[in-house]
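The values are calculated or read from the model by the stated rules, or taken from the named source; none is laboratory data. Note that this is a predicted model, so its numbers are computed, not measured. Virtual Cβ from ideal backbone geometry, glycine too; neighbours counted across all protein chains shown. The protein model used for the area step is the full one, side chains on, heavy atoms only, and it has no ligands, DNA or RNA in it. Shrake-Rupley method; radii C 1.70, N 1.55, O 1.52, S 1.80 Å.
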Amino acid sequence: MRALEELTEVSENLENKYVSDWRNQGKKVVGYVCSYLPEEILYAADILPYRITGKGVKDTSQADSYLTRVNCTFSRCCLELGFSGGFDFLDGAVFINGCDHIRRAYDNWKAHQSALPFMYLLPVPHLINPEGRQWYLEEVVKFKEAIEAYFEVEVIDEKLSEAAAVYNETRRLFKKLYDLRAKDEPPLSGTEVVSILSAAAAMPKKEFNQILSELIEETEASSSKATGKVRLLVAGSLMDDPEFLRNVEDLGAVVVADALCFGAKNFWDLTDESGDVLEALVDRYYNHVPCPRMAGEYSRRFDFVKEQAERAHVDGVILEHIKFCDTHGADNALLKKDFEAAGIPAIELERQYGPLADAGRLRTRAQAFLERIRR
Ligand code: SF4
């Protein structure tokens, strides 16, 4: 499938060819962490939003002298790439106070000589209520003004509405792809879908939408590779490592749905294109499927993950989190209890991100879980 190969190649390179082409046109690229950033503001400023991850890091020795060994390996890998020039193709970086780990990664990178020309922290409330919504609106407006001032651009409503439409199209296409995944004969493996999600976060959306449309056509015409395999949903934090899912799927399973920070949680909600576009973006990002960082929203999260599990009629649920990630770790403990109570087998898998990933232990635990389901 040509489209799948194209997106897989994009997902495998930190500075992929679409980023290089964009920069060669003299245009800016700004990195960001976390799905609470309204990317459309950057896109409307003709700046390419690029999701920062710790892809391809071999060791975190520099970052470890600034962060500790009890900080999550994702935050340490991101900082390592920042320090070592891995993100020098970016013109700036926008962080969110998602958790203290990523917050400290930002503080250390900003204070270091390797800091990018534009470094920004967008505070996001941890509660969903009218006061929080007002605060988030004010912060998003401040962010928009900071982008306009620093990059000497103007973010006009017309461009913002255009960006909102392009991003909604991406979300609709992903829902189509996830409908195909949920079929009895899923045409794509979870490993392949992680690469598609990764590419989506690192290239211009218009080009991505074009390729994803082609991929859906190719996929609809192709036959399944997953007959008779154990059907799984994977939920949790940032998952851009196809190897993690490959290790599970090689054991005779297929991941047919997810509730990942990079996946369904990130694209399930559309922006209302009927009214004031900035207000609509604020509503969409503030209220989208809540991350565990949002206090008091557990039941919404459980309902969403359960809905995804039921629509793909899975046999079991994998709840993954990165070691020392209390945000997702605590949530997964509750989700496991509630899924088991609902009669859906669930397993918590704690993992490392990047170079410390421990495939052997994960495979052993996944093997035992699959045997339990098959019994
Ligand atoms: S994985 Fe968890 S601890 Fe690490 S940056 Fe994300 S939310 Fe924070």
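Highlighted here are the helices (runs of 4 or more DSSP H) found entirely within the range 40-128 that include at least 2 residues which are touching a Leu at 6+ places or on another chain (Cβ under 7 Å) and of a type outside the set (A, V, I, L, M, F, W, C): 73-83, 100-110.
Outside the structural domain of Trp135 (by TED's automatic domain parsing), at pLDDT below 95, open to solvent by 10 Å² or more (accessible area, probe 1.4 Å) and of a type in the set (Gly, Ala, Ser) - does that describe any residue in the range 275-292? The answer is yes; a qualifying residue exists. Taking the criterion of being surrounded by fewer than 23 Cβ atoms within 10 Å (Cβ to Cβ), of a type outside the set (Asp, Glu) and either within 25 Å of Phe208 (Cβ to Cβ) or within 16 Å of the ligand (Cβ to nearest atom) (or both), the residues of the range 58-70 that qualify are Tyr66, Leu67, Thr68, Arg69, Val70.
When you scan the range 352-368, do you find a residue that is in a helix (DSSP H, G or I), over 16 Å from Leu232 (Cβ atoms), open to solvent by 60 Å² or more (accessible area, probe 1.4 Å) and among the polar types (S, T, N, Q), even just one?
yes
Sort out which residues of the range 309-326 are open to solvent by less than 40 Å² (accessible area, probe 1.4 Å) and outside any strand (DSSP E or B), and write them in order of number.
First pass over the range 309-326, keeping only residues open to solvent by less than 40 Å² (accessible area, probe 1.4 Å): 309, 312, 314, 316-322, 325.
Residues satisfying the conditions are Ala309, Ala312, Val314, Cys325.
Filtering the range 347-375 to residues that are under 30 Å from Leu81 (Cα atoms) and in contact with a Phe, Trp or Tyr (Cβ under 6 Å, 6 or more places away or on another chain) leaves only Tyr353.
Remark: Glu145 falls outside the filter, which requires a residue to be over 27 Å from Gly26 (Cβ atoms) and open to solvent by 40 Å² or more (accessible area, probe 1.4 Å).
Of the residues making up the range 164-181, just one is small (Gly, Ala, Ser) and open to solvent by less than 10 Å² (accessible area, probe 1.4 Å), namely Ala164. So is Lys306 out of contact with any strand residue (DSSP E or B) (no Cβ under 7 Å at 6 or more places or on another chain), under 26 Å from Ser189 (Cα atoms) and part of a helix (DSSP H, G or I) or not? Yes. Restricting Phe89, Phe74 to residues that are in contact with a Ser or Thr (Cβ under 9 Å, 6 or more places away or on another chain), buried (at least 22 other Cβ atoms within 10 Å of the Cβ) and either modelled with pLDDT of 95 or more or not β-branched (Val, Ile, Thr) (or both) narrows the list to Phe74.
What is the residue count in the range 251-274 for residues that are without any contact (Cβ under 8 Å) to a residue 60 or more places away in the chain and either open to solvent by 30 Å² or more (accessible area, probe 1.4 Å) or assigned to a loop (DSSP other than H, G, I, E, B) (or both)? Full working, then the answer.
Restricting attention to the range 251-274, the residues satisfying the condition of being without any contact (Cβ under 8 Å) to a residue 60 or more places away in the chain are 259, 272, 274.
Now restrict to residues that are either open to solvent by 30 Å² or more (accessible area, probe 1.4 Å) or assigned to a loop (DSSP other than H, G, I, E, B) (or both): 272, 274.
Residues meeting the conditions: 2.
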